[in-house]
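Data block below; observations after.
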Amino acid sequence: MNVKYHLKIALTVFTLAISAKAVVGIQTAANIDKSKPDVSDKHFVEQLKFGSSPIITGQWVTFVYRGAGRDVELVGEMTDWNKRGVKLQYLNGTSSRYFSMKFPDDARIEYKFV
């Protein structure tokens with residue numbers, strides 16, 4: 001009998017607080033780009049591969065998962081905690097996955113990967 005097992009990874013719920021002061025603490029004001037992060041930017045790709053998560057760029061937040069999970073989804077307040085979350089995109093040639101989303105400057109968000 002061929003049985004397929006589906007492994008889901010549920011991690012601790014994280015709380016993310018975004019504020020202008022927090023972003024300045026992470027990056028200098030001169031480095032804050034107001035446009036959506038793009039994988040054609042080598043610096044952004046390095047952050048996806050090796051940097052801390054989430055990556056905050058202006059109002060854009062990029063959630064990063066690194067690991068062996070097959071189907072990784074992001075759920076939280078931004079998805080109304082739906083059972084089906086937002087699927088993360090693979091960064092080609094790596095085990096890193098990511099999803100970028102824009103939030104208000106004063107956002108405080110709880111989320112988890114499943």
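The values are calculated or read from the model by the stated rules, or taken from the named source; none is laboratory data. Values in this document were obtained by computation on a predicted structure and should not be read as measured data. Cβ atoms come from the backbone with ideal geometry, glycine included; neighbour counts cover every protein chain shown. Ligands, DNA and RNA are stripped out before the accessible areas are found, and what is left, the full protein with its side chains, is counted by its heavy atoms. Shrake-Rupley method; radii C 1.70, N 1.55, O 1.52, S 1.80 Å.
Counting only protein heavy atoms and a 1.4 Å probe, tell me what percentage of the stretch 41-113's accessible area is made up of carbon and sulfur.
That fraction is 48 percent.
Please report the accessible area of Trp81 (heavy atoms, 1.4 Å probe, ligands and nucleic acids excluded) in Å², nearest 10.
About 100 Å², rounded to the nearest 10.
To the nearest Å, what is the center-to-center distance of the stretch 37-56 and the stretch 62-105, using C-alpha atoms only?
14
At R0 = 22 Å, how high is the FRET efficiency between Asp71 and Glu46 if r is their beta carbon distance? Nearest 0.05 is fine.
0.30
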